[in-house]
Amino acid sequence: MKNMKLYLATGNEHKRIEMQQILPEFEILIPKDEGIEFDPAETGSSFYENSMIKAKALWDIVHAPVIADDSGICVDALGGAPGIFTSRYAGPQYMHGRPDGKKISQDEQNRFLIEQLNDTKSGNRACHYTCSIVLMLTPDRFFVAQETFEGTLIESIDKQAGSGGFGYDPIVFLPEYGKTVAEISADEKNRISHRGKAVKVIKNILSAIFA
């Protein structure tokens, strides 16, 4: 199993690094590592559907084991939004992304999300990350794991903290740690996060198959 290649269906280097930390027994490659252009349309209506779309799209190119994940942040007071539109979220006017397709900066996304939640005046700051992971060995043989990671959104963008992690991590507070996700160590995040927990399920499956 050591040094066996696993393709990760993403262009996000941060996700590759996290996946490599959790699966050190494998060599994790993303499409650009081998000069593959990869940008499938994520037309699913759930994290699971989008992860399947990405897994199948990359498997059709490499014909080798593929891992795909779709993940995002879900805010209770916003009805679970941004959800599957997390990476495209551009504030309350563009919950599903800007019409021109351009993404705004992460700093802007963080600020917009805090402001939008505060505007609801609901008092409910609960949120969670969701991650759906597909391990595709062939289109007819695949495994799925989906997990969550609960927290609360900070009250003000001025209270964002931490330089670890990525995405919305500086604004997601973990009451049991007294820190944001961006303030805990990478090892700790991989142990308790949505992606970390889902990948561990997949890791057990890989160990059983390739032992």
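Among the residues of the stretch 59-67, not a single one is charged (D, E, K, R), open to solvent by 70 Å² or more (accessible area, probe 1.4 Å) and either at pLDDT below 95 or within 30 Å of T120 (Cβ to Cβ) (or both).
From the list K56, K5, the lone residue that is within 20 Å of V199 (Cβ to Cβ), in contact with an Asp or Glu (Cβ under 6 Å, 6 or more places away or on another chain) and either open to solvent by 30 Å² or more (accessible area, probe 1.4 Å) or acidic (D, E) (or both) is K5. The residue of the stretch 8-32 that is farthest from L58 (Cα to Cα), among those that are crowded, with 17+ Cβ neighbours inside 10 Å and of a type in the set (V, I, T), is I22. Inspect all residues belonging to the stretch 105-122 and state whether any of them is part of a loop (DSSP other than H, G, I, E, B), at pLDDT below 95 and touching a helix residue (DSSP H, G or I) at 6+ places or on another chain (Cβ under 8 Å). Taking every residue of the stretch 105-122 in turn, at least one turns out to be part of a loop (DSSP other than H, G, I, E, B), at pLDDT below 95 and touching a helix residue (DSSP H, G or I) at 6+ places or on another chain (Cβ under 8 Å).
Would it be correct to say that N3 is at pLDDT below 95, out of contact with any Leu (no Cβ under 7 Å at 6 or more places or on another chain) and on the phi > 0 side of the Ramachandran plot? Judged against the criteria, N3 is a match. Tell me the residue from G80, G72 that is open to solvent by less than 70 Å² (accessible area, probe 1.4 Å) and in contact (Cβ under 8 Å) with a residue 40 or more places away in the chain, please. Criteria check complete, one pass: G72. Any residue in the stretch 170-187 that is modelled with pLDDT under 95, in contact with a Gly (Cβ under 7 Å, 6 or more places away or on another chain), open to solvent by 10 Å² or more (accessible area, probe 1.4 Å) and in a helix (DSSP H, G or I)? Scanning the stretch 170-187 turns up at least one residue that is modelled with pLDDT under 95, in contact with a Gly (Cβ under 7 Å, 6 or more places away or on another chain), open to solvent by 10 Å² or more (accessible area, probe 1.4 Å) and in a helix (DSSP H, G or I).
If you go through the stretch 134-158 and keep only what is touching a helix residue (DSSP H, G or I) at 6+ places or on another chain (Cβ under 8 Å), under 18 Å from V75 (Cβ atoms) and either among the polar types (S, T, N, Q) or assigned to a helix (DSSP H, G or I) (or both), you end up with T148, S156, I157. Within the stretch 195-211, the set of residues being small (G, A, S), surrounded by fewer than 16 Cβ atoms within 10 Å (Cβ to Cβ) and part of a helix (DSSP H, G or I) comprises S207, A208. Within the stretch 97-115, if we keep just the residues that are of a type outside the set (K, R) and farther than 17 Å from G167 by Cα, the residue that is least open to solvent (accessible area, probe 1.4 Å) turns out to be G101.
The values are calculated or read from the model by the stated rules, or taken from the named source; none is laboratory data. Every value quoted in this text rests on a predicted model; they were computed, and no experiment measured them. When we count neighbours, we look across all protein chains shown, and the Cβ atoms used for this are built from the backbone with ideal geometry, even at glycine. The protein model used for the area step is the full one, side chains on, heavy atoms only, and it has no ligands, DNA or RNA in it. Shrake-Rupley method; radii C 1.70, N 1.55, O 1.52, S 1.80 Å.
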